[in-house]
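J.: Sending over a structure as structure tokens; questions will come in a sec.
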Amino acid sequence: QVQLVESGGGLVQPGGSLRLSCEASGNIYSINFMGWYRQAPGNQRDLVAGITASGRTNYHDSVKGRFTISRDNAKHMMYLQMDNLKSEDTAIYFCNLKTIDVNTYRDYDYWGPGTQVTVSS
């Protein structure tokens, strides 16, 4: 079992910055993919940025050049640096971990409770 806890959300003005953190605890297998998703009211939950255990990253087109995802495997932490925030970035941001047990080939999908990010003047 894995627990994920996000922190760092809040209220920020357009053009401002926030840094989200996700702390993972529990049985984390070496093969895994972590990501930040977001969901605004009335919208589906979308992948904002993802990162593999080896550090390969991918981003939604709407955040390229503004957001940076990173992770510290030793500390079981993942981060999302968000710069030049826009009102359309307002959403609940969720931390996600997908992993697989190579001994049983069972896959797992874990979610944090989410943290609210509000971009408003």
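The values are calculated or read from the model by the stated rules, or taken from the named source; none is laboratory data. Quick caveat, the model's predicted, so the values are computed rather than measured. Cβ placement follows ideal geometry from the backbone for every residue including glycine, while neighbour counts extend to all protein chains displayed. Just the protein is used for accessible areas: all its heavy atoms, side chains included, with ligands, DNA and RNA removed. Shrake-Rupley method; radii C 1.70, N 1.55, O 1.52, S 1.80 Å.
J.: Identify the residue in the stretch 21-58 that is hydroxyl-bearing (Ser, Thr, Tyr) and in contact with a strand residue (DSSP E or B) (Cβ under 6 Å, 6 or more places away or on another chain) and, among all such residues, is modelled with the lowest pLDDT.
T.: TYR29
J.: Within the group GLY35, GLY15, which residue is in a loop (DSSP other than H, G, I, E, B) and out of contact with any Cys (no Cβ under 7 Å at 6 or more places or on another chain)?
T.: GLY15
J.: State which residue pairs qualify: first residue touching a residue at least 40 places away in the same chain (Cβ under 8 Å) and inside the stretch 58-76, second residue surrounded by 15 or more Cβ atoms within 10 Å (Cβ to Cβ) and not acidic (Asp, Glu) in any location, beta carbons under 6 Å apart, and separation of 6 or more residues or different chains.
T.: Between residues of the stretch 58-76 that are touching a residue at least 40 places away in the same chain (Cβ under 8 Å) and residues that are surrounded by 15 or more Cβ atoms within 10 Å (Cβ to Cβ) and not acidic (Asp, Glu), the close pairs are HIS76/ALA24.
J.: If you don't mind, another one. State the number of residues belonging to the stretch 18-32 that are of a type outside the set (Lys, Arg), open to solvent by 40 Å² or more (accessible area, probe 1.4 Å) and assigned to a strand (DSSP E or B). Spell out the reasoning first.
T.: Here is the first cut: in the stretch 18-32, the ones of a type outside the set (Lys, Arg) are 18, 20-32.
Now drop any that are not open to solvent by 40 Å² or more (accessible area, probe 1.4 Å), which leaves 23, 25-31.
From what is left, the residues that are assigned to a strand (DSSP E or B) are 23, 25-26.
Qualifying residue count for the region: 3.
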